[in-house]
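What follows is calculated from the coordinates using simple rules that are stated; it is not laboratory data. Computed from a predicted model, the values in this text were never measured in an experiment. Glycine gets a Cβ as well: all are built from the backbone with ideal geometry, and neighbour counts include every protein chain shown.
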Amino acid sequence: MGLLCRLFPQPPAEVSFVPTPPRRPVPPRPPAPGRPRRAPAPARAPAPGVRRVRPRWGMRMATTLSVLVLAAGGIGHAVVTSLDTEIGRVDPFKDMKNRPAPGHGTNILVVGTDGRDKITPREKEKYRLGGAPCRCTDTIMLVHISADRKRASMVSLPRDSYAVIPPHTDATTGKHHHTHPVKLNAAYAEGGPSLTVRTVEHMTGIKIDHYLELDFTSFMRTVDAIGGVEICTAKPMKDAYTGLDLPAGTHKLDGGGALQYVRSRHVDGASDLGRMQRQQRFMAALIDQATSNGTMLNPVKFQQVITSMLSSVRADQGFGAEQMLALSKAMRGFTAASSEFTSVPVSDTSFPVKGIGSTVKWDPVKAKKLFAAVRDDKPLAPYAPRSSVRKKLVEVSPQQIRVQVYNGTRVHGLGARIDAALRATGFRTSATALNWARRDVARTIVWFDPRWDRSARSLATALPGCELRPVEGQGATFKVTAGANFVGVLPVRAEDAFQGEFGVVTGDQVVCA
């Protein structure tokens with residue numbers, strides 16, 4: 001919610017150059033560190049199968065996040081109220097009937113639309129934004145704000161999701177259509193915000209309370225106004241389609257670099273799913289920065305961010321300045337750890353539909369369970385105590401690596417301790433350590449099949465001082481023989497914890513250590 005609040009630009013109360021607030025002139029509330037600043041996410045729906053030239057939801061989500069994050073910092077009532085006239089308005093709920101029953105908390109549908117027509121020729125060329133703009137959605141994300149205002153859950157809905165839209169009149173041609181299958185993003189093209197909301201409600205069973213629509217044109221300027229966003233990568237990232245070219249390590253991305261980062265889908269085999277996860281990481285990093293480094297306390301920067309966002313936001317009539325202000329107050333103390341990110345579980349990423357082409361088919365059982373949790377206002381990520389321990393970044397997620405531990409020493413219980421420590425940092429261990437044939441192993445050994453060399457390096461990072469030994473034909477399960485030099489397991493994490501598989505992460509789990 002905090003995100004949403006920010007989405008609708010709300011100047012900081014502390015800004016001296018703002019018109020004097022009618023009721024309480026000056027004292028803006030000092031933003032609590034880590035104030036709400038959710039961005040839809042973010043998060044928008046993965047830009048599955050979208051043409052490479054299309055700006056992605058990540059940009060919009062990041063923009064939304066920025067706005068939300070900014071708005072949560074404590075804003076003067078008069079300033080916020082004055083923004084009502086600046087925000088574009090739509091009526092996505094007009095004449096809607098047979099809607100889902102309301103659940104607990106607040107649900108906002110965040111939609112990112114194509115905005116290449118507003119990008120300069122130089123930017124189009126530099127950031128590979130060719131192609132003609134379209135009346136469609138690049139990103140679709142469901143943002144749920146918990147009833148206690150302490151948690152924001154962002155669910156990305158792939159734009160190429162297989163959907164069946166209800167009867168409607170085409171907003172462009174005026175032709176009446178009966179129920180028919182389409183890709184989810186086509187709902188906007190045929191019936192605008194209203195048909196998009198109706199379709200999403202039908203697919204998820206969740207009643208949408210508010211609607212936010214933004215354009216990505218101000219994304220780069222917004223990131224620049226914030227001072228850039230820090231992201232990290234364990235391996236080089238290069239995408240010829242977007243021009244992204246990052247060596248392994250930590251990088252401070254400016255607006256242009258951020259745009260390339262959130263649009264790239266050709267940097268690994270995970271394609272759109274991988275891109276969605278990268279977009280979510282970017283949103284988490286944006287929230288983290290806006291809430292922790294005091295950027296939002298700077299009146300000049302705050303004004304720059306707000307100004308760059310105003311031109312790209314449209315909201316429903318019921319989501320006005322008063323509601324935004326109330327939300328921002330309620331969500332004080334919001335941080336990256338308060339946000340959780342996921343995408344709809346899918347069963348087929350290339351589901352063929354006659355006349356439409358390849359679509360993304362949701363997993364009916366897992367998706368139903370996910371949306372039931374959202375409706376019931378339950379956390380999507382399992383509870384995990386927050387830790388200040390910094391985890392080493394690795395290329396392959398521990399969750400993807402199966403391990404069998406052996407004790408090669410005479411130290412009783414050492415194998416079990418190593419198994420438990422590896423499991424605690426995410427590795428899929430057997431939970432039953434065995435004894436090695438020899439009990440005089442001096443140096444811990446990681447035995448691996450050369451086909452899984454990247455995973456082997458990730459596992460070795462968690463076992464300082466170990467030796468890597470390839471074994472042809474061993475298979476996907478790694479063997480760890482504990483040696484006398486074992487000193488402990490180093491906590492590690494990957495950029496994408498689930499790397500193409502369905503999962504939920506919290507913002508603090510994906511920002512740079």
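Of the listed peptides 452-461, 240-249, what is their order by residue-averaged count of other C-beta atoms within 10 Å, with the highest listed first?
Values: 452-461: 19.2, 240-249: 15.5.
In decreasing order of mean packing, 452-461, 240-249 become 452-461, 240-249.
Take 251, 104 and order them by how many other Cβ atoms sit within 10 Å, fewest up front.
On the way: 251 19, 104 14.
With the sparsest Cβ surroundings first, the list reads 104, 251.
Each Lys or Arg adds one and each Asp or Glu takes one away; over the other residues whose Cβ falls under 14 Å from the Cβ of residue 375, this sums to +1. Put simply, the amide H of residue 90, placed in the peptide plane, has neighbours under 5 Å in 315, 316, 317, leaving out anything fewer than 5 places away on its chain.
How do the peptides 428-441, 474-487, 138-151 rank, highest first, by the average count of neighbouring beta carbon atoms within 10 Å per residue? Each step should come with its number before you reach the end.
Numbers: 428-441: 13.9, 474-487: 18.8, 138-151: 24.6.
Ranked by mean Cβ neighbours within 10 Å, highest first: 138-151, 474-487, 428-441.
Shown in residue order for the range 424-438 are the 3J(HN,Hα) couplings computed by the Karplus curve 6.51 cos²θ - 1.76 cosθ + 1.60 at θ = phi - 60°: 5, 9, x, 5, 8, 7, 6, 6, 9, 6, 10, 8, 7, 4, 9 Hz (x for Gly and Pro).
Across the range 349-357, coupling constants 3J(HN,Hα) worked out from phi with the 6.51/-1.76/1.60 Karplus curve, θ = phi - 60°, read 8, 9, 7, x, 9, 4, x, 10, x Hz, and Gly and Pro carry x. If the chain linking residue 122 and residue 252 were pulled fully straight, counting 0.36 nm for each residue of separation and taking away their Cα-Cα distance, it would gain 44.6 nm. Amide H contacts under 5 Å for residue 165: 180, 182, restricted to partners 5 or more places along the chain or on a different chain, H placed in the peptide plane at 1.01 Å from N. Near residue 486, the amide H atoms lying under 5 Å from its own belong to 444; only residues 5 or more places off or on other chains count, and H is placed 1.01 Å from N. In this structure, the residue pairs whose Cα-Cα separation is over 27 Å, taken from 207/391; 150/366; 391/479; 150/369, are 207/391.
Dipole check for the range 392-490: with +1 at the C-beta of Lys and Arg, -1 at the C-beta of Asp and Glu, and the Cα centre as origin, the magnitude is about 160 Debye. In plain terms, the residue of 213, 123 with the fewest other Cβ atoms within 10 Å comes first and the most crowded comes last, giving 123, 213.
Across the range 98-103, coupling constants 3J(HN,Hα) worked out from phi with the 6.51/-1.76/1.60 Karplus curve, θ = phi - 60°, read 6, 7, x, 5, x, x Hz, and Gly and Pro carry x.
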